[in-house]
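Comments concern the structure below.
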Amino acid sequence: MKILVCISCVPDTTSKINFTNNDTDFDTNGVQFVINPNDEFGLTRAMWFKEKNNASIDVINVGEQSNETVLRKALAIGADRAIRIDSKAIDSYQVAKNISNFIKEKSYDLIIAGRESIDYNGSMVPGMISEILNINFITNCVSLEINGSNATAKREMEGGIETLTCELPLIIGGQKGLVEESDLKIPNMRGIMQARQKPFDVIAPDQSEFKTETHKFYKPEDKKEIKMVDPDNLDKLIDLLHNEAKVI
Amino acid sequence: MSIIAYIESSNREPKKSAYEVISYAKNISEKLSTELIVVAINVDNTNEISNYGPDKIIVVNNQSIKNFNPKIYAEVIYQICNKNSTNHVILGGGADSKFLAPILSIKLDAGYVSNVVGAPSNYEPFTVKRTSFSNKSFCDVSILSKNKIISISSNSFEKKKIPSNPEIIEFDAEIPDSKITQASVDLSKGNISIADADIVVSAGRGMKGPENWHLIENLANTLNAATACSKPVSDLGWRPHSEHVGQTGKPVATNLYIAIGISGAIQHLAGVSSSKVKVVINNDPEAPFFKAADYGVVGDAFEVVPKLNEKLKAFKAENN
């Protein structure tokens with residue numbers, strides 16, 4: 001079984017978000033980049049298939065050279081080969097198109113992406129790839145089992161969970177549940193050493209079209225002062241919620 | 001030229017989010033002087049839709065697609081777009097809409113922006129504001145292609161009643177075969193989902209254990225609210241993952257968010273920052289959540305929550 005895991009490199013979840021260049025770019029100063037958490041759940045699930053089904057795992061990213069540290073971490077966790085498409089990621093369409101062009105004729109059985117990245121939160125790339133390549137797609141995926149050429153996946157929907165079955169190839173948008181937080185692997189020294197020897201391909205983008213363009217970032221307005229209510233005077237809280245905030 | 005508002009339905013009724021989506025699309029259709037078409041799949045009663053100003057309502061009634069399937073729904077909407085020379089498709093932020101939208105964007109060769117929180121600020125180029133960095137910031141995004149898809153976040157656009165007398169059209173869509181089979185559905189029992197709720201009551205490790213969650217559930221019942229929890233609580237297995245809100249869990253954009261015994265880690269605050277009004281109940285006056293909330297109570301949740309529940313019950317009885 002051949003698996004491709006799509007990796008976004010995102011600021012660590014504790015990062016303070018600031019902008020630079022007249023608020024047109026994210027300020028990477030002092031920010032640590034990590035594997036997008038939703039992708040890491042998927043990568044960890046892929047490791048499980050590697051151990052049980054002898055699957056091979058490639059990881060792919062569309063981005064600049066600075067992303068290579070994060071891809072090396074994916075290799076240290078246990079992926080076999082990394083591919084970086086050497087282009088600044090402009091929008092989801094451009095990323096999806098480049099990854100799709102790479103996948104074409106590579107006969108991956110399973111492609112794992114995250115439900116969304118925690119920086120752009122588009123929820124777009126895996127769905128776009130599925131349509132460009134005409135393969136099955138399940139997002140908000142919280143469980144995945146593979147049996148031969150068949151997949152059984154659970155999707156979190158509004159108000160419940162549905163179990164879906166389909167044939168491979170399949171692309172999923174994964175999230176927590178694929179594996180648990182406690183299953184995530186911290187690379188050990190042996191993994192880190194091995195990662196240095198693993199194949200790392202940098203390939204040129206074969207198309208650069210994009211359909212959307214981000215101009216300017218803003219930070220939320222400063223919150224107005226909080227109003228404190230005495231725990232012995234909860235009627236006051238109800239009064240504020242009813243008459244001032246008008247939410248009950 | 002036309003603009004389509006695709007609305008989600010449940011039990012053959014439009015979902016609550018439908019009217020926000022239609023109002024958003026109506027605003028654009030007025031600015032661009034194009035026809036507004038509301039598209040609904042498996043909906044019986046379209047009366048309420050007419051109150052929000054569509055020129056046409058296109059309904060696809062077909063039992064074979066009563067279960068949501070993103071590829072098939074995207075194909076059906078695509079067929080309707082083709083018949084009506086549609087350039088703009090507006091959807092809500094529900095899980096199903098966001099599942100099908102990227103598929104539709106490839107079919108229509110459209111630029112697609114999700115998590116949009118305001119009306120277009122410009123039409124040349126077409127520019128909208130969306131959230132980014134998991135609600136820690138916003139950004140302006142332009143769509144450069146002729147066809148455009150927008151999915152709007154819930155509670156981000158004012159509903160506006162503009163009664164109209166739309167033509168109602170039954171559309172006979174060509175339904176492709178599904179390659180994915182729904183084997184079973186496990187519905188959460190009796191709960192209001194976080195996405196549908198006007199009020200969310202959320203609790204953290206301050207509740208000390210799952211056995212104390214009846215206090216949270218009782219308060220949620222009184223307020224007709226959904227229950228949610230912080231990440232540590234779902235990681236500890238006290239509550240299901242589906243209740244975890246925050247950066248790696250669900251985002252919450254509700255009218256009222258009540259956080260009980262949640263200190264307010266930056267990842268949690270990001271996930272709930274789009275909620276309109278936030279109330280924090282915590283025994284630690286230094287909890288960071290107090291800096292991000294509108295109303296705060298410093299006190300022991302085990303005393304405050306039951307008391308608040310009793311008072312709210314009395315308030316509800318008086319005001320209903």
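Based on what the data block shows, is B:N224 in contact with a helix residue (DSSP H, G or I) (Cβ under 7 Å, 6 or more places away or on another chain), closer than 27 Å to A:D230 by Cβ and open to solvent by 10 Å² or more (accessible area, probe 1.4 Å)? No; evaluated as a whole, the condition is false for this residue. When B:T131, B:T86 are checked against the criterion of being farther than 30 Å from B:S184 by Cα, within 8 Å of chain A (Cβ to nearest Cβ) and in contact with a strand residue (DSSP E or B) (Cβ under 8 Å, 6 or more places away or on another chain), B:T131 stands alone in meeting it.
Across segment B:277-316, which residue is farthest from B:I260 (Cα to Cα) among those that are in a loop (DSSP other than H, G, I, E, B) and at the interface with another protein chain (Cβ under 7 Å from one of its Cβ atoms)? If you could, list the steps in order and put the result at the bottom.
As a first pass, look at segment B:277-316 and keep what is in a loop (DSSP other than H, G, I, E, B): B:283-287, B:293-294, B:299-300.
Applying the additional criterion that residues be at the interface with another protein chain (Cβ under 7 Å from one of its Cβ atoms) yields B:293-294, B:299.
Numbers: B:A293: 12, B:D294: 14, B:G299: 10 Å.
The extreme case among them is B:D294.
Each residue in segment B:157-196 was checked for being within 21 Å of B:G93 (Cβ to Cβ), more than 11 Å from every other protein chain (Cβ to nearest Cβ) and open to solvent by less than 30 Å² (accessible area, probe 1.4 Å), and 0 pass.
Contact map, segment B:97-114: first residue on the phi > 0 side of the Ramachandran plot, second residue modelled with pLDDT of 95 or more, Cβ cut-off under 9 Å, separation 6 or more or different chains; pairs are B:D109/A:K211; B:D109/B:S145; B:D109/B:K146; B:D109/B:N147.
Say we look at segment B:135-151 and pick out the residues that are modelled with pLDDT of 95 or more, facing chain A (nearest Cβ under 7 Å) and in a loop (DSSP other than H, G, I, E, B); which of these is most open to solvent (accessible area, probe 1.4 Å)? By that ranking, first place goes to B:L144. Annotation note: of A:E162, A:E167, the sole residue that is open to solvent by less than 40 Å² (accessible area, probe 1.4 Å) and in contact with a Lys or Arg (Cβ under 9 Å, 6 or more places away or on another chain) is A:E162. Scanning segment B:244-263 for residues that are open to solvent by 20 Å² or more (accessible area, probe 1.4 Å) and away from chain A (no Cβ under 12 Å) returns B:A253, B:S263. Scanning segment A:1-26 for residues that are more than 11 Å from chain B (Cβ to nearest Cβ), surrounded by 13 or more Cβ atoms within 10 Å (Cβ to Cβ) and in a loop (DSSP other than H, G, I, E, B) yields A:M1, A:I7, A:S8.
The set of residues from segment A:141-158 being within 8 Å of another protein chain (Cβ to nearest Cβ) and either open to solvent by less than 30 Å² (accessible area, probe 1.4 Å) or in contact with a Cys (Cβ under 7 Å, 6 or more places away or on another chain) (or both) comprises A:V142, A:E156.
Counting the residues of segment B:76-92 that are touching a Ser or Thr at 6+ places or on another chain (Cβ under 6 Å) and either buried (at least 24 other Cβ atoms within 10 Å of the Cβ) or basic (K, R) (or both) gives 2. For B:R239, are the conditions met, namely being basic (K, R), in contact with a strand residue (DSSP E or B) (Cβ under 6 Å, 6 or more places away or on another chain) and within 30 Å of B:E310 (Cβ to Cβ)? Answer is yes for this residue.
In the condition set (1) acidic (D, E); (2) free of Cβ contacts under 8 Å to residues at least 12 places away in the same chain; (3) surrounded by 18 or more Cβ atoms within 10 Å (Cβ to Cβ), A:E51 is compliant with all but (3). The set of residues in segment A:205-215 being assigned to a loop (DSSP other than H, G, I, E, B) and either free of Cβ contacts under 8 Å to residues at least 40 places away in the same chain or facing another protein chain (nearest Cβ under 7 Å) (or both) consists of A:K211 alone. Name the residue that is least open to solvent (accessible area, probe 1.4 Å), counting only residues in segment B:3-21 that are touching a strand residue (DSSP E or B) at 6+ places or on another chain (Cβ under 8 Å) and without any contact (Cβ under 8 Å) to a residue 60 or more places away in the chain. So the residue we want is B:P14.
Candidates A:P187, A:P169, A:P199: the one that is in contact (Cβ under 8 Å) with a residue 60 or more places away in the chain and within 23 Å of B:K107 (Cα to Cα) is A:P169.
Quick one: is B:S105 surrounded by 19 or more Cβ atoms within 10 Å (Cβ to Cβ), at the interface with another protein chain (Cβ under 8 Å from one of its Cβ atoms), within 24 Å of A:T20 (Cα to Cα) and not β-branched (V, I, T)? Working first, answer last.
On the way: surrounded by 19 or more Cβ atoms within 10 Å (Cβ to Cβ): yes; at the interface with another protein chain (Cβ under 8 Å from one of its Cβ atoms): yes; within 24 Å of A:T20 (Cα to Cα): no; not β-branched (V, I, T): yes.
Spelling it out, it is not the case that B:S105 is surrounded by 19 or more Cβ atoms within 10 Å (Cβ to Cβ), at the interface with another protein chain (Cβ under 8 Å from one of its Cβ atoms), within 24 Å of A:T20 (Cα to Cα) and not β-branched (V, I, T).
So which of A:S130, A:S117 is of a type in the set (S, T, N, Q), buried (at least 24 other Cβ atoms within 10 Å of the Cβ), more than 7 Å from chain B (Cβ to nearest Cβ) and touching a residue at least 40 places away in the same chain (Cβ under 8 Å)? Spell out the reasoning first.
Working: A:S130 fails: more than 7 Å from chain B (Cβ to nearest Cβ).
None of the other options fit; the residue is A:S117.
Could you run through segment B:60-99 and say how many residues are under 18 Å from the mean Cα position of the chain (by Cα) and of a type in the set (G, A, S)?
Residues meeting the conditions: 5.
For segment A:50-79, which positions are among the acidic types (D, E) and under 12 Å from A:I35 (Cα atoms)? Across segment A:50-79, the qualifying residue is only A:E68. Does segment A:216-240 hold any residues that are facing chain B (nearest Cβ under 7 Å), under 20 Å from B:K307 (Cβ atoms), open to solvent by less than 70 Å² (accessible area, probe 1.4 Å) and not β-branched (V, I, T), and which are they? A:P231, A:L234, A:L237, A:L240, listed by residue number.
The values are calculated or read from the model by the stated rules, or taken from the named source; none is laboratory data. The structure presented is a predicted model; accordingly, all values stated were derived computationally and were not measured. We place every Cβ from the backbone using ideal geometry, glycine too, and count neighbours over all the protein chains shown. For the accessible areas, the whole protein counts, side chains as well, though only heavy atoms, and no ligand, DNA or RNA atoms are used. Shrake-Rupley method; radii C 1.70, N 1.55, O 1.52, S 1.80 Å.
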